[in-house]
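Single-structure report; data block below.
Every number here is computed from the coordinates shown, using simple stated rules; none is lab data. Quick caveat, the model's predicted, so the values are computed rather than measured. Don't worry about glycine lacking a Cβ; one is built from the backbone with ideal geometry, like all the others, and counts go over all protein chains shown.
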């Protein structure tokens, strides 16, 4: 099975369960982290919690 998929022009990687995870560029990393850590649903959580929130989005 191909580990990547393009949906509506957006690149996704399939995890081991087949869940699509959106791929982002290195230019987008800081913005995504700020949105999930500093946004209304953010907070001062450990790195793992923030990473899980991003992966579930």
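Take the Cα of residue 25, step 7 Å along the line toward its Cβ, and report every residue of region 1-17 whose backbone nitrogen sits under 14 Å from that point.
It comes to 10-11, nothing else.
Set the Förster distance to 30 Å, then compute FRET efficiency between residue 35 and residue 8 from the Cβ-Cβ distance, nearest 0.05.
Calculated transfer efficiency: 0.90.
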